[in-house]
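The values are calculated or read from the model by the stated rules, or taken from the named source; none is laboratory data. For clarity, every value in this text was computed on a predicted model and none was experimentally measured. Quick reminder, even Gly has a Cβ in these numbers, built from the backbone with ideal geometry, and neighbours come from all protein chains shown.
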Ligand SMILES: [Mg+2]
C-alpha cells in the first residue's frame, strides 16, 4: 500500500521538473493535475510563467493533458484558452479516466508521467497505472477543508522521506533525479 503512495520524484514545483531528462528516459506524455499543481486551488487563469512552461513542454514534443477531479466549468474554462486537452470529474485514483487520458495523449503508460500534488488521487492513481509519478508541493495552502485533512495524513506518510527541510527529494530507485532547491530548469 505504501509503495503505491510513493512518488518516483518529489519536487518543489512543476518548474523544478527536469524535462530534458524525462525526455531522455523515454517519457513522451504528461498527465497533469490542475488545482494546486498548475495554479492555486480554483484560480481561474494561468500565470504567464505557467503559459511559458506549457509552451516549452509542447515545443519539446511532449503530449500533455490535464486530468482533474474538479467540475467541468472549472476545468474547461481554465484549459480552453490554453488549448490543452482536459478531463474533468476524473475520479482519480480510479483508473478509468487515466485510460482516457492515455488515449488522448496516444502514449503507453511506461512513457507517460503523472504530475500532481496529492498522494491519494494523483500519485496513487498514477502508480496503479504504471506511470512515472511526480509529486509537487501544493501551489497554495488555501484549499477546501476535506483536502486539508488529507494533507495531514499525506505528511505522515512522507515524513522521513526528505533528506532535509526544503530540499527536493526523490527515491533512490528513481533514475531521473530532481532539481536542487533554488534551481529551476524552466523558468
Ligand atoms: Mg491537486
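What are the residues in region 71-86 that are surrounded by 13 or more Cβ atoms within 10 Å (Cβ to Cβ) and over 18 Å from residue 58 (Cα atoms), if any?
74, 75, 76
Report whether or not residue 84 is away from the ligand (no atom under 12 Å from the Cβ), touching a residue at least 24 places away in the same chain (Cβ under 8 Å) and closer than 23 Å to residue 51 by Cβ. If you could, list the steps in order and put the result at the bottom.
On the way: away from the ligand (no atom under 12 Å from the Cβ): yes; touching a residue at least 24 places away in the same chain (Cβ under 8 Å): yes; closer than 23 Å to residue 51 by Cβ: yes.
Taking the combined requirement at face value, the residue satisfies it.
Scanning region 111-126 for residues that are closer than 18 Å to residue 19 by Cβ and more than 11 Å from the ligand (Cβ to nearest atom), which turns out surrounded by the fewest Cβ atoms within 10 Å (Cβ to Cβ)?
Selected residue: 111.
Residues to consider are 95, 89; find the one that is on the phi > 0 side of the Ramachandran plot and within 17 Å of the chain's Cα centre (by Cα). Talk me through it step by step, then tell me what you get.
Details: 95 fails: on the phi > 0 side of the Ramachandran plot.
Going through 95, 89 in turn, just one is on the phi > 0 side of the Ramachandran plot and within 17 Å of the chain's Cα centre (by Cα): 89.
Six or more apart or on different chains, Cβ under 6 Å: which pairs go from a residue in region 34-60 that's over 15 Å from residue 115 (Cβ atoms) and in contact (Cβ under 8 Å) with a residue 40 or more places away in the chain to one that's part of a helix (DSSP H, G or I) and within 16 Å of the ligand (Cβ to nearest atom)? Could you list them?
Taking only residues 6 or more apart or on different chains, not a single pair turns up.
Considering only region 39-53, how many residues are part of a helix (DSSP H, G or I) and either within 16 Å of the ligand (Cβ to nearest atom) or in contact with a helix residue (DSSP H, G or I) (Cβ under 6 Å, 6 or more places away or on another chain) (or both)?
1
Six or more apart or on different chains, Cβ under 7 Å: which pairs go from a residue in region 105-130 that's touching a residue at least 60 places away in the same chain (Cβ under 8 Å) to one that's more than 16 Å from the ligand (Cβ to nearest atom) and part of a helix (DSSP H, G or I)? Could you list them?
Pairs that qualify, where the first residue is touching a residue at least 60 places away in the same chain (Cβ under 8 Å) and the partner is more than 16 Å from the ligand (Cβ to nearest atom) and part of a helix (DSSP H, G or I), are 112/102; 112/105; 113/22; 119/157; 124/4; 127/4; 128/4; 128/95.
Consider residue 143 carefully, then state whether it is within 16 Å of the ligand (Cβ to nearest atom), within 18 Å of residue 8 (Cα to Cα), in contact with a strand residue (DSSP E or B) (Cβ under 9 Å, 6 or more places away or on another chain) and at pLDDT below 95.
Details: within 16 Å of the ligand (Cβ to nearest atom): yes; within 18 Å of residue 8 (Cα to Cα): no; in contact with a strand residue (DSSP E or B) (Cβ under 9 Å, 6 or more places away or on another chain): yes; at pLDDT below 95: yes.
The answer is no for residue 143.
Quick one: how many residues across region 1-27 are surrounded by fewer than 18 Cβ atoms within 10 Å (Cβ to Cβ) and more than 25 Å from residue 157 (Cβ to Cβ)?
Of the residues in that region, 6 qualify.
Tell me, please, whether a residue that is over 13 Å from the mean Cα position of the chain (by Cα) and within 16 Å of the ligand (Cβ to nearest atom) can be found in region 9-17.
Taking region 9-17 as the starting set, the residues that turn out to be over 13 Å from the mean Cα position of the chain (by Cα) are none.
No, region 9-17 has no match at all.
Between a residue in region 12-33 that is modelled with pLDDT of 95 or more and any residue that is assigned to a helix (DSSP H, G or I), which pairs come within a Cβ distance under 6 Å, given they are 6 or more apart or on different chains?
Partner pairs satisfying both residue conditions: 26/111; 27/111; 28/111; 29/105; 31/101; 33/122.
From the set of residues in region 21-35 that are touching a helix residue (DSSP H, G or I) at 6+ places or on another chain (Cβ under 8 Å) and part of a loop (DSSP other than H, G, I, E, B), which is farthest from residue 68 (Cα to Cα)?
Across region 21-35, the extreme among qualifying residues is 26.
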